[in-house]
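So the structure is just underneath, and the comments pick up after that.
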Amino acid sequence: EDQDDLVDDFTCQFCKREDPSFTPAALDVHYWRECPMLSACTLCEQVIEISRMHSHLVEECEAGEQAAALARRLRPGQCPLCNAGLSSGQSADDRSWHEHLLVMGCPANVRRNAVGVRATAGR
């Protein structure tokens, strides 16, 4: 059980990248600069999950009406980076986001090559 905890300490909870050099500080840098599952909101600069951008704009973003206007142009289940539809329902599931952001690599994600997207695809 202790060994499992060690592995988790060296794994990004979002992209599942494992790196023995991850410390809490190194993970924070990974989240802020590299993780292909995360992005900074263009309005408030908070780093959030790309898959949660729509709900962030509607519920959390401090940009007020600008955020509401941006959210109206974006549907739930739509990639906020490239506008690809990821599901036919209300929102895409985690597997669809994983496929789009990590396996295929969203063409508009500037972080997609930061950590080698395809290297995490099998995890």
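A few points about this structure:
- With respect to the stated conditions, Leu86 is within 20 Å of His100 (Cα to Cα) and in contact with a His (Cβ under 6 Å, 6 or more places away or on another chain).
- Screening region 1-82 for helices (runs of 4 or more DSSP H) wholly inside it with 3 or more residues that are open to solvent by less than 50 Å² (accessible area, probe 1.4 Å) returns the ranges 53-59, 65-73.
- Test: residue in region 76-85 that is free of Cβ contacts under 8 Å to residues at least 12 places away in the same chain and under 28 Å from Thr11 (Cα atoms): no
- Flag for Ala84 being among the aliphatic types (A, V, I, L, M) and modelled with pLDDT under 95: yes
The values are calculated or read from the model by the stated rules, or taken from the named source; none is laboratory data. If you're wondering where the values come from, they're calculated on a predicted model, not measured in any experiment. All Cβ positions, even for glycine, are placed from backbone atoms using ideal geometry, and neighbour counts span all protein chains on display. Surface areas here come from the heavy atoms of the whole protein model, side chains and all, with no ligands, DNA or RNA. Shrake-Rupley method; radii C 1.70, N 1.55, O 1.52, S 1.80 Å.
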